[in-house]
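The values are calculated or read from the model by the stated rules, or taken from the named source; none is laboratory data. Remember, it's a predicted structure, so these values are computed and weren't measured experimentally. Quick reminder, even Gly has a Cβ in these numbers, built from the backbone with ideal geometry, and neighbours come from all protein chains shown. SASA here: full protein model, heavy atoms, side chains in, ligands and nucleic acids out. Shrake-Rupley method; radii C 1.70, N 1.55, O 1.52, S 1.80 Å.
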Amino acid sequence: MAHIDHSRPLEYSTEENRLKILGFWIFLGAEIMLFGTLFASYFTLVDRTGSGPIGAEIFEITPVLAETFLLLASSFTIGLAIHAMRLGSKKATLTFMGITLVLGLAFLGVEIYEFQHYVHIGAGLSVSAFTSILLTTLGTHGLHVTLGFFWGLAIIIQISKRGLNHVTANKAFIFSLYWHFLDVVWIFIFSFIYLKGMM
Amino acid sequence: MEFFERFMVPHPSFLIYVSMVLIALTSIAIVVGITYFKKWGYLWSEWITTVDHKKIGIMYLLTALLMLFRGGVDAIMMRLQLAVPDNTFLDAQHYNEIFTTHGVVMILFMAMPFITFFFNFLVPLQIGARDVAFPRLNNLAFWLFFMGAMLFNLSFVVGGSPDAGWTSYFPLANNEFSTSVGTNYYMIAIQIAGIGTLMTGINFITTIMKMRAPGMTLFKMPMFTWSSLIANLIIVFAFPVLTVVLAMGTMDRLFGTQFFTIGNGGMDMLWANLFWVWGHPEVYILILPAFGIFSEIITTFSRRNLYGYNSMVWSMVIISVFSFTVWTHHFFTMGQGAMTNSIFSITTMLIAVPTGVKIFNWLFTLYKGKIEMTTPMLYTIHFIPLFTLGGVTGVMLAMSAADYQYHNTMFLVAHFHNVIIPGVVYAMLAGLTFYWPKLFGFMLNEKIGKATVWVMSTGFLLAFMPMYITGLDGQARRMSTYSEATGYSTLNMVSFIGAGIMAISFIMLVWNIWYSFKNSPRDIGSDPWNARGLEWATHTPIPAYNFAITPDVSESTSEAFWDMKKNGTKLFKGKIEKIHMPNYSGLPFIMSCAFFLLGFAMIFSMWIVAIIGFIVILGCMVYRSFEKDEGYYIPAEEVEAIEKQYEKRGAK
């Protein structure tokens with residue numbers, strides 16, 4: 001129904017699509033403020049451990065490295081999915097999106113293990129201000145990944161049923177922005193929470 | 001029985017019982033009335049599910065007026081309590097609850113929807129657009145806001161009101177000192193409404209950036225649209241901070257986290273900092289659109305173009321940046337050291353500079369103008385000196401050393417009412433009077449309108465000027481009573497009388513609406529004020545598609561409609577084509593009801609119900625994702641037929 005401009009990539013091809021992409025960028029601006037606030041609170045509370053453990057006592061490098069590799073790889077594969085979409089290959093798009101979600105799921109698996117471990121060794125949510133903000137910041141990112149997983153799944157189903165058109169391509173592209181953003185947030189978490197905490 | 005005890009009001013009084021009965025009776029009357037007149041279908045299909053920005057705007061307006069009444073009753077009760085020394089009308093706990101809800105209701109559930117009404121109603125018309133960028137998101141934003149507001153108001157009769165002040169400072173707001181579920185209501189109701197506001201912000205930035213009429217560059221946008229753009233940018237950057245801090249507060253109260261506790265590393269000042277990182281910009285989210293409205297009114301009734309358009313825009317940009325650099329002035333006395341206090345003292349005072357630029361620009365617009373003293377203009381003329389007075393006392397408060405004297409006294413209360421009432425409330429009422437004919441097709445009575453302004457200003461001065469004096473004399477805010485020996489009683493009685501006079505002015509406003517509805521002529525055309533912006537270039541009542549032909553403003557200035565009337569610049573070029581329209585949808589309403597359920601269940605820690613609410617929300621999102629919705633077209637012939645009808649009616 002909508003007017004499609006074929007000189008542009010499919011995800012930008014209608015007026016409505018362009019509005020949605022800009023709107024989503026603005027939403028990501030809000031997300032930066034959200035995570036920025038969490039980071040600011042983290043740095044405020046990081047040394048306020050009360051009677052609980054400090055970061056260096058509870059952080060473990062192995063699962064964190066695994067999470068980092070899984071998420072970075074998924075950011076790469078979602079990029080490949082969008083590239084395949086631009087080339088018009090439905091099958092490759094679906095494959096790379098599928099790999100992205102599997103990697104995301106694996107990331108969540110490691111994170112759930114990590115949280116269980118923290119609670120097990122006495123660093124649960126209500127132990128100190130430090131553990132509260134640590135688990136809240138990680139948890140907020142984890143919730144975003146969880147939501148992204150189901151969101152991506154819905155888009156995979158739609159592309160496989162309805163094919164690549166201006167609606168599904170737009171959705172996949174916006175999803176890719178979201179997924180890359182989560183990766184960027186993770187890099188900050190990795191550097192300023194884990195690495196700094198372990199030093 | 002224990003299960004139901006949680007829903008009881010912990011500090012009941014005769015007044016609350018009376019309100020419960022009244023609320024129940026009113027609700028029953030509304031339900032019976034709608035059923036009797038068979039209006040459920042009409043309400044559902046024309047209003048609840050609407051994606052038309054004009055109708056959503058009117059729903060915001062109705063909510064704002066309803067909340068103005070609620071917040072106003074709270075205010076009268078407080079002034080009545082303080083009118084005489086050692087009064088026992090309200091006990092201390094009830095007084096706590098009333099000043100808390102008065103603040104929250106007036107700022108978040110009255111002023112915010114009032115400006116959002118103007119965003120919704122005016123922005124698409126001023127930029128010559130058919131609708132906002134995301135019409136259905138707009139509907140969802142309204143219903144989330146509405147559900148948040150209703151959830152907050154429910155606290156009053158189910159479970160108990162919040163009682164830790166509208167700033168809800170910890171540790172006062174934690175479970176130990178605020179024992180009822182009231183503060184849970186605060187955390188969760190504002191969270192839900194805030195999500196709606198964030199959606200509004202994203203929606204309007206996109207609308208203004210992408211949907212302007214051909215030829216409308218950024219520096220040709222009408223002043224109200226500029227103020228909306230800036231205010232919505234502040235919303236997008238400030239509201240996520242509120243989201244985080246409310247989530248932390250909720251977790252402290254429900255899940256035992258240690259963010260704002262005293263022991264185990266918790267830091268109560270973190271709440272104060274984060275709250276005001278949102279809270280201070282919030283002030284400018286309210287005042288900038290108000291300034292935009294005043295600019296529209298001043299240019300219209302001085303019959304002159306706005307003086308210093310560019311400096312008006314840049315002053316707003318500077319204000320929006322500074323608004324994020326001053327939050328610490330809210331707690332100069334809470335031990336943050338001289339250096340920090342000095343820096344924030346200076347940034348705070350600096351905001352007076354761009355604000356002063358705006359005041360002078362308005363004065364220069366009036367200078368040599370052919371001033372017509374209509375009701376909206378009278379509000380504006382009253383606003384300038386009254387607001388300046390509030391600004392000056394603001395600079396007094398910005399001096400951190402002197403603030404040790406004023407802190408938490410009635411002086412502060414007088415100051416912020418002195419900026420918010422003439423600044424925001426006057427702008428909203430002036431704008432409402434100004435745009436009333438565009439909204440409803442008839443004018444409000446000018447005589448009653450002007451009398452209302454005078455009564456309101458008299459009441460305002462009597463209510464708030466005495467507070468400056470008692471504040472400097474040491475009367476603390478939030479104190480439920482005082483003894484005769486303090487000598488505050490006469491001035492507090494004057495304040496009470498002033499509050500009563502203000503209440504009368506609001507009754508006059510309602511009377512004016514009723515009187516004009518009965519008596520005003522209906523054949524006023526589409527431009528009764530001889531106004532200047534594009535919003536007046538379409539018919540009254542405004543057709544669903546706003547403009548039959550998208551206006552082209554490449555040859556016009558920021559006051560496109562004025563140019564057309566004065567210089568004969570052509571606005572509507574080309575012929576009528578089919579128009580794409582979005583479909584109405586009930587999904588946002590259902591989703592918002594699920595948010596209400598989720599919020600209510602969380603407040604009372606009913607986790608199974610909360611999970612059900614959450615699943616319904618997710619279900620709505622999945623349904624929306626899979627839904628195919630391409631909107632529909634109004635054929636060109638139908639548009640032409642509608643346009644012909646307007647011509648027949650003799651509309652201009």
**OP:** About the Cα centre of region B:461-588, how large is the charge dipole given +1 on each Lys and Arg Cβ and -1 on each Asp and Glu Cβ? Please answer in debye to the nearest 20.
**Re:** 300
Subject >> region B:201-263-region B:378-431 distance, computed between alpha-carbon centres (Å) >> reply: 24
**OP:** With all protein chains present, calculate the accessible area of B:TRP536 using a 1.4 Å probe and round the result to the nearest 10 Å².
**Re:** 0
Original post:
If you count, for each residue, the other Cβ atoms within 10 Å and average over each peptide, how do B:416-429, B:2-15 line up from highest to lowest?
Top reply: B:416-429, B:2-15
**OP:** Please name which of B:PHE331, B:ASN87, B:VAL313 has its Cα lying farthest along the dipole of chain B towards the positive end, using unit charges on Cβ (Lys, Arg +1; Asp, Glu -1) and the Cα centre as origin.
**Re:** B:VAL313
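Just from its helices, what would the mean residue ellipticity at 222 nm be for chain A, if runs of 4 or more DSSP H residues each count -39500 (n - 2.57) and the sum is divided by every residue, rounded to the nearest 500 deg cm²/dmol? Show your work: numbers first, answer last.
Working: 6 runs with 149 residues, N = 199.
Counting only the DSSP helices, I get -26500 deg cm²/dmol.
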**OP:** Leaving out ligands, DNA and RNA, calculate the buried accessible area for the pair A and B with a 1.4 Å probe, summed over both sides, in Å² to the nearest 100.
**Re:** 3200
**OP:** For the protein assembly as shown, give the magnitude of the charge dipole about the Cα centre (Cβ charges: +1 Lys/Arg, -1 Asp/Glu; no others), in debye to the nearest 20.
**Re:** 2540
Original post:
Is the protein assembly as shown best put as rounded, prolate or oblate by its Cα gyration tensor, with a ≥ b ≥ c the root eigenvalues, rounded for a/c under 1.5, and otherwise prolate when a/b is larger than b/c, oblate when not?
Top reply: oblate
**OP:** Pick out, from B:VAL419, B:PHE440, B:GLN405, the residue whose Cα sits farthest towards the positive end of the charge dipole of region B:339-466, with +1 on the Cβ of Lys and Arg and -1 on the Cβ of Asp and Glu.
**Re:** B:PHE440
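Beyond a 26 Å Cα-Cα separation, which of these cross-linked pairs lie in this structure: B:LYS39/B:LYS518; B:LYS573/B:LYS648; B:LYS438/B:LYS573; B:LYS55/B:LYS565?
B:LYS55/B:LYS565
Please list B:ARG79, B:ARG522 from largest to smallest accessible area, probe radius 1.4 Å, with all protein chains kept in place.
Values: B:ARG79 25, B:ARG522 115 Å².
Largest accessible area first, the residues go B:ARG522, B:ARG79.
Counting alpha carbon pairs within less than 8 Å and at least 6 residues apart, what relative contact order, in whole percent, applies to region B:453-612? Intermediate results must be reported in sequence, preceding the final value.
Values: 119 pairs, mean separation 25.5, N = 160.
It comes to 16 percent, rounded to a whole number.
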**OP:** Please give the net charge around B:ARG532, taking every other residue with its beta carbon less than 11 angstrom from that of B:ARG532, where Lys and Arg add +1 and Asp and Glu add -1.
**Re:** -1
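Using the crude model of +1 on Lys and Arg Cβ and -1 on Asp and Glu Cβ, and no other charge, please compute the dipole size for region B:120-269 relative to its Cα centre, in debye to 20. Spell out each step's value before the answer.
Working: 6 positive and 5 negative charges, 162 e Å.
The dipole magnitude comes to about 780 debye.
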Subject >> Accessible surface of B:ILE576 - all protein chains present, 1.4 Å probe, nearest 10 Å² >> reply: 30
Original post:
In region B:193-259, which chymotrypsin sites (Phe, Trp or Tyr not before Pro) are in a loop and have at most 14 other Cβ atoms within 10 Å, using DSSP for the loop call?
Top reply: B:PHE255
Original post:
For B:MET581, which sequence-distant residues (separation of 5 or more, or a different chain) have an amide H within less than 5 Å of its own amide H, given hydrogens modelled in the peptide plane?
Top reply: B:TYR632, B:TYR633, B:ILE634
Subject >> Relative contact order of chain B, defined on C-alpha pairs under 8 angstrom at six or more residues apart (%) >> reply: 17
Original post:
Classify region B:22-138: rounded, prolate or oblate, from the alpha-carbon gyration tensor (a ≥ b ≥ c, eigenvalue square roots; a/c under 1.5 rounded; otherwise prolate if a/b is larger than b/c)?
Top reply: oblate
**OP:** Can you sort A:LYS196, B:LYS573 by 1.4 Å-probe accessible area, starting with the largest?
**Re:** A:LYS196, B:LYS573
Subject >> Of B:LEU122, B:ILE76, B:MET502, farthest towards positive along the dipole that unit charges on Lys, Arg, Asp, Glu beta carbons give chain B >> reply: B:LEU122
Original post:
When the Karplus curve 6.51 cos²θ - 1.76 cosθ + 1.60 is applied with θ = phi - 60°, which whole-Hz ³J(HN,Hα) does each residue of region A:70-77 get, with x for Gly and Pro?
Top reply: 4, 6, 4, 4, 5, 5, 5, 5
Subject >> Cα-based shape type of region B:499-652, given that a ≥ b ≥ c are square roots of the gyration tensor eigenvalues and the cut on a/c is 1.5 >> reply: oblate
Original post:
Which ³J(HN,Hα) values in Hz, rounded to whole numbers, follow from the phi angles of region B:279-290 under the Karplus curve 6.51 cos²θ - 1.76 cosθ + 1.60, where θ = phi - 60° and Gly and Pro get x?
Top reply: x, 6, x, 3, 4, 7, 4, 7, 7, 5, x, 4
Original post:
Sequence-distant or interchain residues sharing an amide H contact under 5 Å with B:THR409, placed H: which?
Top reply: B:ARG477
Original post:
Rounded to the nearest 500, what is chain B's calculated 222 nm mean residue ellipticity when only DSSP H runs of at least 4 contribute -39500 (n - 2.57) each, over all residues?
Top reply: -22000 deg cm²/dmol
Original post:
Using modelled amide H (1.01 Å from N, peptide plane; none on Pro or chain starts), what sits under 5 Å from the amide H of A:ALA123, excluding residues fewer than 5 places away?
Top reply: none
Original post:
Over the heavy atoms of B:GLU577, what accessible area does a 1.4 Å probe trace out, to the nearest 10 Å²?
Top reply: 120
Original post:
What ³J(HN,Hα) values, in whole Hz, does the Karplus curve 6.51 cos²θ - 1.76 cosθ + 1.60 give for region B:487-504 when θ = phi - 60°, with x put for Gly and Pro?
Top reply: x, 7, 5, 4, 5, 5, 5, 4, 4, 4, 4, x, 4, x, 5, 4, 4, 4
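Summing +1 for each Lys or Arg and -1 for each Asp or Glu, what net charge is found among the other residues whose Cβ lies under 14 Å from the Cβ of B:PHE275? All intermediate terms of the calculation are to be shown ahead of the outcome.
Details: positive: none; negative: B:ASP252, B:ASP268, B:GLU282.
Around B:PHE275, the surrounding residues sum to -3.
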Original post:
When only the heavy atoms of the protein chains count and the probe is 1.4 Å, how do B:ARG136, B:ARG478, A:ARG8 rank by accessible area, highest first?
Top reply: A:ARG8, B:ARG478, B:ARG136
